[in-house]
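Heads up, the thing below is written out as structure tokens.
Just so it is clear, none of the values below were taken in a lab; they were calculated from the coordinates. Since the structure is predicted, the reported quantities are computational estimates derived from the model, not experimental observations. Note that we place each Cβ from the backbone using ideal geometry, even for glycine, and neighbour counts take in every protein chain shown.
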Amino acid sequence: MRQTPYDMLGGEAGVRALAAAFYDAMDRLEEAHDIRVMHAANLDEIKDKLFEYLSGWLGGPPLYRQKYGGICLTKAHAPYAIGEKERDQWLRCMEEALIEVGAPEELRQAAKVPFFRIADTVRNRRDDTAASSAHAC
Ligand code: HEM
């Protein structure tokens with residue numbers, strides 16, 4: 001059977017490390033400043049939530065759904081102004097996090113398009129017109 005991305009990252013410990021590395025990158029990288037300031041000063045809770053969400057999204061146990069009963073990412077992000085710039089900052093942090101946890105090159109390449117799609121789904125601004133969401137849940 002083919003390994004899931006969850007398996008390729010080393011299962012629970014690997015995906016937890018990815019979520020932590022993601023927010024640590026956001027905290028550290030100057031180029032992620034615009035999205036860092038949208039978040040709380042303490043990132044512990046959001047690290048847990050991203051870990052739980054990614055666990056299911058990457059093919060492991062659907063922890064977020066089990067705990068919170070599911071999420072509409074579009075609605076959850078509606079209070080934040082997310083355009084291409086913010087989307088790309090998020091993707092930059094994820095790219096950095098994947099490198100830091102030692103994700104295999106094959107996985108990093110294969111994950112690019114799915115991560116782009118999910119981040120673009122959360123986008124709710126068009127940079128040219130400042131128009132609102134074109135996406136639904
Ligand atoms: C595209 C740029 C994105 C920005 C700027 C962004 C920003 C945010 C912010 C500001 C919060 C609230 C944090 C808080 O309560 O302190 C949040 C929550 C969250 N985000 Fe994102 N996000 C983005 C993309 C994504 C993507 C692509 C995913 C999933 C792969 C995701 C997963 C989550 C989850 C699971 C939560 C917690 C929701 C909850 O339970 O309240 N985000 N995000």
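General remarks:
- Neighbour net charge for Ile35 - beta-carbon separation under 11 angstrom, K R +1, D E -1: -1
- Adding -39500 (n - 2.57) for every DSSP H run of four residues or longer, then dividing by how many residues the chain holds, sets the calculated 222 nm ellipticity at -19000 deg cm²/dmol.
- For Arg126, distant residues with modelled amide H under 5 Å away: Ala131
- With respect to the chain, whose longest principal axis is taken over its alpha-carbon atoms, helix 84-100 is tilted by about 20°.
- log10 of Debye I(q)/I(0), alpha-carbon scatterers only, for the chain at 0.21 Å⁻¹: -1.47
- Peptides 56-64, 85-93, 39-47, 107-115 ordered by packing proxy, namely the average of other Cβ atoms within 10 Å per residue, highest first: 85-93, 56-64, 107-115, 39-47.
- Subtracting the Cα-Cα distance of Cys72 and Lys85 from 0.36 nm times their residue separation leaves 2.5 nm of extension gain.
- Per-pair calculated FRET efficiency, R0 = 25 Å: Asp24 and Lys112 via Cβ, rounded to 0.05: 0.75
- Total lysine pairs in region 5-122 at Cα distances under 21 Å, for residues eight or more apart or on different chains: 8.
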